[in-house]
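Colleague: What follows is a structure written as structure tokens; I'll ask about it next.
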Amino acid sequence: MAVTDMPTGDEKPKVKLLNDPKFRSIVFQVILIIFLVWVVWSMIDNASTNLKNAGIASGFGFLSTSSGFGLNFSPFLEYSSSSSFLQVYWVGLQNTLVLAVIGIFFATIIGFVMGVARLSNNWVISKIAYWYVEIMRNTPLLLQIFIWYKGVLATLPLAKDSIDLGALGFLNTKGLFAPKFVTADGAGLIGWALLIGLVITFVIKSWAKKRQMATGERFPVFWTGLGLIIGLPLLTYFIMGQPISTEYPTAGNFGPRGGMRVIPEFIALILALSLYTAAFIAEIVRAGILAVNRGQTEASYALGLRPGQTLRLNIIPQALRVIIPPLTSQYLNLTKNSSLAVAIAYPDLTAVFAGTALNQTGQAVEIVGMTMLTYLALSLITSLFMNWYNAKNSLVER
Amino acid sequence: MADIDSQTSMNRAETGALEVAFVRKELAPAMAPPVNESGVLGWMRKNLFLNIPNTILTLFAGYILYLTIPGLIQWIFTDAVWSGDDRLACATVAQGGELPEGWKAACWPYVGAYLKLFIYGRYPDAELWRVNITLFMFFAGLIPLLMPNLPFKRENLIFMLGIFPVASFVLLSGGNLGLNGFLLPEAIMEPSTLKFWVDFLILTLVICGLVAAYMKGTESDPIPAVVGTAIGMAVLALVLFVMSVDFGLEPVETDRWGGFVMTLVIAVTGIVAALPLGILLALGRRSNMPAVSLFSVIFIEFWRGIPLITVLFMSSVMLPLFLPDGVTFDKLLRALIGVALFSSAYMAEVVRGGLQALPKGQYEGAMAVGLNYWQSMRLIIMPQALKIVIPGIVNTFIGLFKDTTLVSIIGLLDFLGMINLSHSDATWATPVQAMTSYVFCAFIFFLFCFGMSRYSIYMEDRLNTSHR
């Protein structure tokens with residue numbers, strides 16, 4: 001025994017029970033749990049009493065009843081005023097996701113451009129990017145939505161004096177009248193062809209990497225992939241007899257006819273969300289590029305890589321490792337911020353489900369609960385993906 | 001030739017100051033740097049016209065500026081209307097006014113006419129001095145606090161966190177809080193202010209007794225702890241007393257509050273509540289006790305996972321359901337609770353970042369000098385961790401400040417809510433009205449948020465002791 005001067009008797013050192021950290025932590029946790037159970041129980045108890053007093057039946061039965069109100073925007077799902085409240089939920093979710101996906105697409109492009117511009121050695125360009133970022137980041141998003149919706153889009157000309165945007169369609173105070181894709185039989189096959197092209201490209205890519213690791217031989221993955229992803233759907237398109245055509249809107253006396261109407265609420269939200277989020281993305285991109293040590297570029301040159309290769313094989317992969325985690329949380333922020341749609345009555349999940357449907361049914365607990373769970377699920381899925389990506393790409397330290 | 005040259009120069013070096021007619025004695029005067037490398041031209045060459053792509057970029061950027069800046073200046077200054085009494089001042093001929101067709105610029109007299117509503121909301125005119133005093137106290141207390149060179153930081157902080165909140169509550173709402181007691185059943189004593197104080201005394205005695213028992217249980221001296229607790233309860237009693245005293249101020253319900261003052265109230269209350277809550281949650285998340293850390297994780301992830309607007313919906317629609325019958329919260333207070341809980345979750349993550357950035361040695365060092373958990377947190381860990389995350393805290397505050405505009409969606413008339421309300425007034429209804437008010441609003445928000453972010457950069461530099 002290393003310790004010899006300790007009493008070897010079997011009595012433990014005497015510590016007052018309250019001074020024992022283990023005992024204290026157990027007591028503290030028990031108190032916390034009792035307190036939480038009490039809070040939750042009293043909330044449930046109060047809610048059930050209050051609901052009984054107000055004469056509101058709880059439960060999810062209301063989901064199957066007919067909603068009785070119409071919605072002005074539903075790009076993919078069928079909806080009419082006789083649809084059920086469950087369908088209202090799905091349409092709301094769909095509209096939220098459409099908004100989020102398109103917003104993320106534009107925010108990423110603008111954000112990367114602005115982030116790189118901020119680092120440009122051209123003074124004017126970097127100053128423009130700087131003031132863009134500062135102005136966008138330091139004004140409220142809700143205000144920006146209002147500026148686009150009430151300040152800009154509402155002051156557009158009336159339908160009969162629509163602005164002709166050429167191939168993009170017509171723009172007026174009722175929204176954008178854009179060309180519509182009309183699909184005939186067999187159009188679905190093109191989507192499948194695209195999917196197959198993507199899968200094959202992915203397989204080829206991993207095979208080519210394995211082969212390069214083993215033999216050092218390279219395989220033109222980029223061109224093969226491009227051919228597969230663009231060529232396959234194109235081939236299907238012509239084999240199926242060109243099943244997709246575009247229907248252009250035409251100018252009429254009472255405004256544009258035909259085509260697809262994109263409501264101004266949607267345009268305002270896309271503009272505001274993507275421009276606002278882009279400012280945050282720009283800062284992330286800038287930080288990511290700055291995080292890559294200058295020595296990395298020099299080392300690449302020393303190894304004989306060309307500037308393009310240096311960027312592609314050395315700088316971007318390392319910058320992305322810094323960029324991706326905050327970028328995902330910005331995507332998530334954009335998705336959550338899309339709930340501001342309720343302010344200008346774009347029918348997203350919050351507006352139609354937690355707004356209109358709640359007012360019609362009065363089922364506050366169920367509806368707000370479902371809405372919150374949906375957003376929670378979206379954010380948990382995103383953070384799971386982020387953790388997976390981080391684990392995959394983090395530095396392997398030896 | 002080369003040999004001879006080197007030989008002569010060697011000879012010269014050996015002989016030192018040899019008088020040779022063809023050798024200069026003074027330095028040649030320095031030539032001016034090449035025009036291309038210095039001054040305005042050099043700067044332009046380096047930053048604007050370095051090479052062909054750079055020149056193209058400059059021209060492109062110049063074109064963008066040419067498209068936007070003159071239009072902006074015209075809209076805000078030169079074409080704008082600066083005086084007038086109603087909408088006719090800002091209306092074109094077709095709209096019934098005198099301005100030329102196609103005129104589009106700011107209509108500033110409308111903002112001037114509504115300025116009072118934008119700032120104070122519908123607060124009664126006769127009571128505006130109360131708001132002004134509150135605002136004055138706020139800025140007079142805040143500005144010296146932000147200047148690191150000024151003395152009396154401790155007193156200043158006590159004023160801002162202790163006196164100012166109570167004073168502003170009394171001033172803005174009128175005070176005279178009705179306290180009816182909370183402990184004894186009604187059978188023993190009728191609800192009254194006296195009963196409240198009796199209840200409060202009983203509560204104080206119970207708490208002091210518990211503290212004494214606990215200190216006895218841990219074999220420490222109970223007297224200082226009991227005295228400390230009693231002083232704390234006395235301060236609380238004083239605060240409650242001041243809030244409940246009738247100063248003769250006319251009560252102003254919160255539905256009359258509004259405008260930029262309400263924005264400030266929500267933002268400041270939110271951040272003051274969020275910081276301590278966030279610190280507790282961050283500590284809880286890193287706690288060794290599984291129940292505590294699990295609770296903190298669920299709490300933080302829940303609030304961070306949902307949009308603020310659903311939180312506000314929940315606080316305005318669902319919260320009344322969860323409260324016992326008869327207990328009602330003010331609409332503003334409900335929004336405040338929602339905002340504070342929401343931002344405390346974000347604050348917790350910011351603080352956690354600071355806690356994780358500290359080297360483990362700091363924790364071990366604190367333990368080694370014999371500090372207990374709370375002492376080591378208060379004296380060693382938190383000062384360092386909070387210093388690291390100042391930018392994060394300021395960013396959270398900027399986010400919160402911007403997010404206060406969301407309360408306009410649940411019907412509170414904050415700055416943005418007041419602006420939207422003003423659009424329904426026919427006196428000033430013109431097509432440019434909306435844009436004018438929004439540009440004004442954006443300018444004010446930009447001023448505050450940009451100022452805060454500049455200040456955080458300044459503070460970051462100042463506190464940077466170049467080791468983390």
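Colleague: Using 1/(1 + (r/R0)^6) with R0 = 22 angstrom and r between the beta carbons of A:L384 and A:F202, what's the FRET efficiency to the nearest 0.05?
Modeller: For R0 = 22 Å, the calculated efficiency reads 0.60.
Colleague: Okay, next question. Are there any GluC sites (Glu not before Pro) in segment B:109-188 that are in a DSSP loop and have at most 14 other Cβ atoms within 10 Å? List them by number.
Modeller: B:E186
Colleague: Right, next: What distance in nm separates the simple spin-label points at A:F76 and B:V20, each placed 7 Å from Cα in the Cβ direction?
Modeller: Result: 8.8 nm between the two label points.
Colleague: Where in segment A:219-262 does the amide nitrogen come within less than 19 Å of the point 7 Å from the Cα of A:F106, taken along Cα to Cβ?
Modeller: Label zone hits: A:260-262.
Colleague: Enumerate cysteines in the protein assembly as shown without a disulfide-compatible partner, where compatibility requires another Cys Cβ under 4.7 angstrom.
Modeller: Within the protein assembly as shown, the cysteines lacking a partner Cβ under 4.7 Å are B:C208, B:C441, B:C449.
Colleague: Given R₀ = 60 Å, what would the calculated FRET efficiency be for B:L65 paired with B:A187, taking r from the Cβ atoms and rounding to 0.05?
Modeller: My answer for the efficiency is 0.15.
Colleague: Can you tell me what the convex hull of the Cα atoms of the protein assembly as shown projects to on average, as an area in nm²?
Modeller: Answer in nm², one decimal: 63.0.
Colleague: Rounded to whole Å and sorted largest first, list the principal axis extents of the Cα atoms in segment B:177-245.
Modeller: Principal-axis extents of segment B:177-245 (Cα, largest first): 41, 28, 10 Å.
Colleague: Right, next: Ignoring everything except DSSP H segments at least 4 long, calculate the 222 nm mean residue ellipticity for the protein assembly as shown; use -39,500 (n - 2.57) per segment, divide by total residues, nearest 500.
Modeller: -20000 deg cm²/dmol
Colleague: For segment B:177-245, what is the accessible area per residue in Å² when the probe is 1.4 Å?
Modeller: Each residue of segment B:177-245 exposes 62 Å² on average to a 1.4 Å probe.
Colleague: A follow-up question, please. Could you order peptides A:170-183, B:264-277 by the average number of other Cβ atoms within 10 Å of their residues, highest first?
Modeller: In descending order of packing, they fall as B:264-277, A:170-183.
Colleague: In Å², what does the accessible area per residue of chain A work out to with a 1.4 Å probe?
Modeller: I get 57 Å² per residue for this part.
Colleague: Right, something else. Out of all DSSP beta bridges with both ends in the protein assembly as shown, state the antiparallel percent to the nearest 5.
Modeller: 80 percent
Colleague: Which residues of segment A:372-386 bury at least 20 Å² of accessible area once all protein chains are present, versus their chain alone (1.4 Å probe)?
Modeller: A:M372, A:Y375, A:L376
Colleague: Another question, if that's okay. Can you divide the C-alpha Rg of segment B:252-377 by 2.2 N^0.38 Å and report the result to two decimal places?
Modeller: Working it through for segment B:252-377, the quotient is 1.30.
Colleague: Take the alpha-carbon positions of chain B, form their convex hull, and give its projected area averaged over all directions (one quarter of the hull surface) in nm².
Modeller: Over all viewing directions, chain B projects a mean Cα-hull area of 43.2 nm².
Colleague: Can you list the residues, at least 5 places off or on another chain, whose amide H is less than 5 Å from the amide H of B:L177, using H built in the peptide plane?
Modeller: The list, which skips near neighbours in sequence, is B:S244, B:V245.
Colleague: Please compute the net charge surrounding A:A251, taking Lys and Arg as +1 and Asp and Glu as -1 over other residues with Cβ under 13 Å from its Cβ.
Modeller: Surrounding charge for A:A251 is 0.
Colleague: Any chance you could give the angle, 0 to 90 degrees and rounded to 10, that helix B:164-173 forms with the longest Cα principal axis of chain B?
Modeller: 60 degrees
Colleague: Starting from segment A:57-125, pick out the chymotrypsin sites (Phe, Trp or Tyr not before Pro) whose DSSP state is loop and whose Cβ has at most 11 other Cβ atoms within 10 Å.
Modeller: Loop-located and lightly packed - A:F76.
Colleague: Around B:G278, what is the net charge, scoring Lys/Arg as +1 and Asp/Glu as -1 over all other residues with Cβ under 15 Å from its Cβ?
Modeller: +2
Colleague: Say each of A:S84 and A:E298 gets a label point 7 Å from the Cα, pointing the same way as Cα to Cβ; how far apart are those two points in nm?
Modeller: In this crude spin-label approximation the distance works out to 6.8 nm.
Colleague: If you take the accessible area of B alone plus A alone and subtract the pair, what total do you get in square angstrom, rounded to 100, with a 1.4 Å probe?
Modeller: 5000 Å²
Colleague: At 24 Å minimum axial length over the Cα atoms and a Kyte-Doolittle cut of 1.6, report the qualifying DSSP H helices in chain A, or say none.
Modeller: Passing helices, by number: A:85-118, A:264-291.
Colleague: Using a loss threshold of 50 Å², tell me which positions in segment B:367-414 are less accessible in the complex than in their chain alone. Probe radius 1.4 Å, ligands and nucleic acids ignored.
Modeller: B:K402, B:I409
Colleague: Can you tell which of A:L119, A:L189, A:L63 shows the greatest fluctuation in a Gaussian network model of chain A with Cα springs below 10 Å?
Modeller: A:L189
Colleague: For chain A, restrict the atom set to alpha-carbon positions and state the Rg and Dmax in Å.
Modeller: Every Cα atom of chain A included, Rg and Dmax give 28.9, 104 Å.
Colleague: Please report the carbon-and-sulfur percent of the accessible area for the protein assembly as shown; probe 1.4 Å, protein heavy atoms only, DNA, RNA and ligands left out.
Modeller: Of the solvent-accessible surface of the protein assembly as shown, carbon and sulfur hold 68 percent.
Colleague: For segment A:130-146, which residues drop by 20 square angstrom or more in accessible area between the chain on its own and all protein chains together (1.4 Å probe)?
Modeller: A:Y130, A:W131, A:E134, A:R137, A:N138, A:T139, A:P140, A:L142, A:L143, A:F146
Colleague: So what does log10 I(q)/I(0) come out to for segment A:114-208 at q = 0.13 Å⁻¹, using the Debye formula with one equal point on every Cα and no solvent?
Modeller: -0.93
Colleague: Set the Förster radius R0 to 25 Å, insert the Cβ-Cβ distance between B:L72 and B:S424 as r into 1/(1 + (r/R0)^6), and round the FRET efficiency to 0.05.
Modeller: Using R0 = 25 Å, I get an efficiency of 0.35.
Colleague: Taking Cα atoms, how many degrees apart are the long axis of helix B:108-120 and the longest axis of chain B, rounded to 10 and kept between 0 and 90?
Modeller: 50 degrees
Colleague: Right, here's the next one. Just order A:208-214, A:259-265, B:78-84 by mean Cβ neighbour count inside 10 Å, highest at the front, would you?
Modeller: Top to bottom by mean Cβ count within 10 Å: A:259-265, B:78-84, A:208-214.
The values are calculated or read from the model by the stated rules, or taken from the named source; none is laboratory data. Treat the numbers as computed from the prediction; the structure is a model and nothing was measured. Cβ sites come from the backbone with ideal geometry, for glycine too, and all protein chains shown count toward neighbours. Only protein heavy atoms, including side chains, enter the accessible area calculation; ligands, DNA and RNA are left aside. Shrake-Rupley method; radii C 1.70, N 1.55, O 1.52, S 1.80 Å.
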